[in-house]
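Here's the structure we're looking at; comments come further down.
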């Protein structure tokens, strides 16, 4: 077993460490709202929808994360415009995601013949994180924290009682659009570390476990952040030890934590 | 304050091409209470929507003092949301602007006072979803109180509420009227309408408007409720509710 | 004729012929079954099931047993786990399903990538029609025969349930049993189809055909026949493209299916211009038309 100290000493692992720490901040702050406002599927879809765009960007030298952010914003805007609730897992969205994944893999394997890219984009990478990824994750964490501070009351009022919130004069549509856009961009920011298929390991799993443990919104954010950080670091260590991308171990850890908390808090009122 | 607190003139409203409300004209002075009677789908909630500014009238106009406080039915709220009764009451302060700041001490104090007023002083930290039906209605009323609005729109505030809560809520209504606020209460209960200052009967169009003595006649009620009406011993009337037809 | 030769080239290769046969068999059943998947709103559940059976596939590959066994076992385990996770009222079905599916996909990837000889994860995810075995063909035939018989037998109960569940129950049908049978068939179809299209793309063969014919079919039977035809056609087009353009076979078929859905939906005959005139049965969303604020006194 390798020494955990390596995480802090080896340069490439240090970057991964910082990346996951930054992501756990967004995961705590936004993850709470993803769970409360039922955006889990939306966050997964936002990640998957960017897959072909990321392949293209990777092949043509554009920074994938920047390209991904552009696609994510477009996706969020499209969902909000369609008015079709993001809770309505319509068939159209499902097919869109299948087409995105199929298109991406054809582009990667057959057009650009960069097969290794597929594994990296699908499940994340230990070694390939660079300064741009850190910068984007840092920016997302900062923006998410500020937005949650400023808009948290509005998001809560809208989630609790949409009609009432409207009557209070809150611009619920704008507030929700911002939430969708943030979640979509945050999902893309997590892709370098955990991959397109497992962004929910950052934005849903820690918050879902936290939801079972706390009874207030503020507590939800805090516990989700702590759990996300712990799962991210431990998952990173496992990825290093087993020589696998970070996404899968973090996802498995997150799911096990959810299972454990569900069993331990069984019967407790929420 | 001069002039009516809330009024409508020749109001018509529609969803797309479907007209749901026609020829509504009424007015209420500060301190008056109006009972809005009508069957499901008859336009009560549409009227509230127009008064709240959420729906543009097709014709005619409305005038409302300030931004009305709205007390919706609790079925439309999420019971699994992790908010306490106090959190719900504090939401009323969002109407006063500065939504981007956390609740101030004054706002929290106002929320606690409102909870006391509706008899939930000791339940301030109880989760909304764990309150009883009547308590939830009172918490939503507290939210409306915190908003401190001159006009309150209340959508069936007493439906499914236990008698103790109903009495409490009724007492608060009287206090609000004494403070000079105007109340519009959508209701199914024809009997309770008699205790209001004014009654407005709507069934896709205005059937009648005026004091209870002048409006709560059999003819008016039949025009309002159609076959949903059951009349007992010639004087009092009971309406039959049809749930599930939309609102 | 050159065009004919061009089109027939894939069929000259034994491998491609078998692939096409398997896809046609599976596609025909799934294209028909898909109509009920849509009607009973099982699309999201089917997708979760398909993703969630990944660990089963990987374990089968590691153990050297037929993938079909892994798919069936994985589907069963996934169904139970997802149902349990989604039923927790504290987190809700949206988050609960995400927890189960993410955990299972992560587990599958971990099992596939950790060992010294990493399993061909990409084929498990995106399909491998060209690698179809005799066992897979047999499974395809069995699916069509048994599944087709089941669909035929259940046709009237399914239609009655879809139209009016309460009335159907009152008439003596057992909606719970019918639905269970449908779910079992769905799981079996997914397990068989996953060999050709992979866990991530198999949903297309269930959902795209009914979406393509939705606006054009007048009866369930038409929708099912049409769906089967669309699926087979899309399989053919996908394999042709894959053969000539050297693109991944499973992904090409999936794209062809999605394209068919898009085409079918876009070519929707616009008889029903009455959408606006219909009386809304429930309140439109609160932000219907904010409009101007009413004047303050």
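The values are calculated or read from the model by the stated rules, or taken from the named source; none is laboratory data. These numbers were taken from a predicted model, which means no experiment stands behind them. Reconstructed Cβ throughout: ideal geometry from the backbone, glycine too, with neighbour counts over all protein chains shown.
A few comments on the model shown:
- In the stretch C:118-129 there is at least one residue that is within 11 Å of chain A (Cβ to nearest Cβ), under 30 Å from residue C:236 (Cα atoms), in a loop (DSSP other than H, G, I, E, B) and at pLDDT below 95.
- Qualifying strands (runs of 3 or more DSSP E) (wholly inside the stretch B:177-247; at least 2 residues being at pLDDT 85 or above): B:182-187, B:198-202, B:206-210
- When the stretch B:66-87 is filtered for residues that are more than 7 Å from every other protein chain (Cβ to nearest Cβ) and either in a loop (DSSP other than H, G, I, E, B) or closer than 15 Å to residue B:154 by Cβ (or both), the ones remaining, listed by number, are B:68, B:69, B:71, B:73, B:74, B:75, B:79.
Residue-wise test of (1) facing another protein chain (nearest Cβ under 9 Å); (2) modelled with pLDDT of 85 or more.
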position	(1), (2)
A:39	yes, yes
A:59	no, no
A:76	no, no
A:86	no, no
A:98	yes, yes
A:114	no, no
A:133	no, yes
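- Residue match in the stretch C:175-188 (condition: crowded, with 24+ Cβ neighbours inside 10 Å, over 23 Å from residue A:93 (Cα atoms) and away from chain A (no Cβ under 14 Å)): no
- Residue that is over 22 Å from residue B:185 (Cβ atoms), within 22 Å of the chain's Cα centre (by Cα) and assigned to a helix (DSSP H, G or I), where the choices are B:134, B:129, B:170: B:129
- Matching entry among C:177, C:200 (being touching a residue at least 40 places away in the same chain (Cβ under 8 Å) and either more than 17 Å from residue C:72 (Cβ to Cβ) or out of contact with any helix residue (DSSP H, G or I) (no Cβ under 8 Å at 6 or more places or on another chain) (or both)): C:200
- Odd one out for residue B:126 among (1) touching a strand residue (DSSP E or B) at 6+ places or on another chain (Cβ under 7 Å); (2) crowded, with 20+ Cβ neighbours inside 10 Å: (2)
- Filter pass, residue A:150 being within 14 Å of chain C (Cβ to nearest Cβ), in a helix (DSSP H, G or I), surrounded by 15 or more Cβ atoms within 10 Å (Cβ to Cβ) and at pLDDT 90 or above: no
- Residue count for the stretch A:157-175 under the criterion of being in a loop (DSSP other than H, G, I, E, B), at the interface with another protein chain (Cβ under 7 Å from one of its Cβ atoms) and more than 19 Å from residue B:139 (Cβ to Cβ): the result is 1.
- Residue match in the stretch B:51-65 (condition: within 10 Å of chain A (Cβ to nearest Cβ), surrounded by fewer than 18 Cβ atoms within 10 Å (Cβ to Cβ) and farther than 22 Å from residue A:149 by Cα): no
- Within the stretch A:116-131, tally of residues that are modelled with pLDDT of 85 or more, in a helix (DSSP H, G or I) and more than 10 Å from chain C (Cβ to nearest Cβ): 3
Listed here are the residues, each with its yes/no results for (1) more than 23 Å from residue B:66 (Cβ to Cβ); (2) at the interface with chain C (Cβ under 9 Å from one of its Cβ atoms); (3) in contact with a strand residue (DSSP E or B) (Cβ under 8 Å, 6 or more places away or on another chain).
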{"position": "B:5", "(1), (2), (3)": "no, yes, yes"}
{"position": "B:12", "(1), (2), (3)": "yes, no, yes"}
{"position": "B:17", "(1), (2), (3)": "yes, yes, no"}
{"position": "B:22", "(1), (2), (3)": "yes, no, yes"}
{"position": "B:25", "(1), (2), (3)": "no, no, yes"}
{"position": "B:29", "(1), (2), (3)": "no, no, yes"}
{"position": "B:33", "(1), (2), (3)": "no, no, yes"}
{"position": "B:36", "(1), (2), (3)": "no, no, yes"}
{"position": "B:45", "(1), (2), (3)": "no, yes, yes"}
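- So residue A:257, is it within 10 Å of chain C (Cβ to nearest Cβ), touching a helix residue (DSSP H, G or I) at 6+ places or on another chain (Cβ under 9 Å) and at pLDDT 95 or above: yes
- All conditions in (1) under 30 Å from residue C:158 (Cα atoms); (2) surrounded by 24 or more Cβ atoms within 10 Å (Cβ to Cβ) hold for residue C:20, with the sole exception of (1).
- Filtered by the rule that a residue be surrounded by 11 or more Cβ atoms within 10 Å (Cβ to Cβ) and more than 19 Å from residue A:138 (Cβ to Cβ), the stretch A:8-22 gives a lone residue, A:10.
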